[in-house]
1. Kindly indicate which of B:113, B:133 is under 30 Å from residue A:90 (Cβ atoms), modelled with pLDDT under 95 and outside any loop (DSSP other than H, G, I, E, B).
2. Tell me, please, whether a residue that is among the charged types (D, E, K, R), in contact with a Lys or Arg (Cβ under 8 Å, 6 or more places away or on another chain) and either crowded, with 20+ Cβ neighbours inside 10 Å or within 28 Å of residue B:51 (Cβ to Cβ) (or both) can be found in the stretch A:67-85.
3. Looking only at residues that are among the polar types (S, T, N, Q) and closer than 10 Å to residue B:84 by Cβ in the stretch B:10-21, which one is surrounded by the most Cβ atoms within 10 Å (Cβ to Cβ)?
4. Just checking, which of B:36, B:7 is touching a residue at least 60 places away in the same chain (Cβ under 8 Å) and buried (at least 22 other Cβ atoms within 10 Å of the Cβ)?
5. Any chance you could count how many residues in the stretch A:120-137 are in contact (Cβ under 8 Å) with a residue 12 or more places away in the chain and more than 7 Å from chain B (Cβ to nearest Cβ)?
6. Taking residue A:101, is it out of contact with any Pro (no Cβ under 7 Å at 6 or more places or on another chain), outside any helix (DSSP H, G or I), under 30 Å from residue B:125 (Cβ atoms) and modelled with pLDDT of 85 or more?
7. Which count do you get for residues in the stretch B:101-130 that are in contact (Cβ under 8 Å) with a residue 12 or more places away in the chain and β-branched (Val, Ile, Thr)?
8. Only one residue in A:69, A:57 is among the polar types (S, T, N, Q), on the phi < 0 side of the Ramachandran plot, in a strand (DSSP E or B) and within 12 Å of chain B (Cβ to nearest Cβ). Which one?
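The values are calculated or read from the model by the stated rules, or taken from the named source; none is laboratory data. The shown structure was predicted, so the numbers you read here are calculated from the model rather than taken from an experiment. In this analysis, Cβ positions are derived from the backbone assuming ideal geometry, glycine residues included, and neighbour counts consider all displayed protein chains.
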Amino acid sequence: MDDYNEIMKIAFQAEEGLDETVIAKFGRRFKDKQILIREGEIQQKIFWILSGEVYITRKMGDKYKVLTTLGKGELIGEMSFFDKSVRSATVIAKGDVHVMEFTKEDFADIYAASPMWTRRLLVALARRIHLMADKLSQL
Amino acid sequence: MDILPNYLQYGEQTSSPPRGVIYKAGDPIGERPVLYIIAGLVKVEYPLSGSTFPLWMPPDTIFGLVEPLAECERLCVVHAMEHTILYQWDLESFFLAAGVSYELAMVAIRGLTRELRIMNAEFGERLGLSEGTAR
């Protein structure tokens, strides 16, 4: 296994298992109100929040309506990443945010390095579907 | 059957007759909660206030994964609309299979992604959020 796979294994086997090498390779910092993802764009990147929070918003005229807020441990951008959709929301930093950022090209290597990544991603999606099912049931 | 994808392993094959209820909202998740459609057609209905929101699942789709991962009882009603042949796993056996098959992992991830995307769109439409968004 090469160094890259070793890094990914460390990164995804445990949330606390991140070291400086991983963060240096994939980490990215955003400042308050900086945009991570812009609605309407085609961009195949996925973000994993290490610290801080982000607003998930949709543009309504000249303003952004906040749909929800996501924080540490949450994944962002997985829908466009896996299903070739146009970004459906704008994601804005709420204060300083530190994320890990991955491209489409990284994913097969991430999968090979750690099956936990698949599980983590599926759990994140399932929780969101659960939340959305609850919201829909109240409409 | 000679058309089974080779990533269908560590579980077992089952089937449902036309109009058979596979599970209902409120049901416990059971021993083998994760299902893959080998052949047939399945309708998933999420409850709304006074109605339901349907999702149609064609072959080579996974369903039943949300509740064991979200650790909740069944959220929706699932019917087989035709005679449907399924493959089912317990959660750990599913992850074992997905751990050795990138293709199966992608089927699961794309399936949940698509389901969430459709639900988001439905939610947005019902709240009128689709108006004025960039397309």
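1. Selected residue: B:113, the only one of B:113, B:133 that is under 30 Å from residue A:90 (Cβ atoms), modelled with pLDDT under 95 and outside any loop (DSSP other than H, G, I, E, B).
2. The answer is yes, given that some residue of the stretch A:67-85 is among the charged types (D, E, K, R), in contact with a Lys or Arg (Cβ under 8 Å, 6 or more places away or on another chain) and either crowded, with 20+ Cβ neighbours inside 10 Å or within 28 Å of residue B:51 (Cβ to Cβ) (or both).
3. Looking only at the stretch B:10-21, we keep the residues that are among the polar types (S, T, N, Q), and these are B:13-16.
Subset that is closer than 10 Å to residue B:84 by Cβ: B:14-16.
On the way: B:14: 14, B:15: 13, B:16: 21.
Out of the qualifying residues, it is B:16.
4. B:36
5. 2
6. no
7. Pass one, the stretch B:101-130, residues in contact (Cβ under 8 Å) with a residue 12 or more places away in the chain: B:101, B:103-104, B:107-108, B:111-112, B:115, B:118-119, B:122.
Filter again for β-branched (Val, Ile, Thr), leaving B:107, B:118.
Of the residues in the stretch B:101-130, 2 are in contact (Cβ under 8 Å) with a residue 12 or more places away in the chain and β-branched (Val, Ile, Thr).
8. Going through A:69, A:57 in turn, just one is among the polar types (S, T, N, Q), on the phi < 0 side of the Ramachandran plot, in a strand (DSSP E or B) and within 12 Å of chain B (Cβ to nearest Cβ): A:57.
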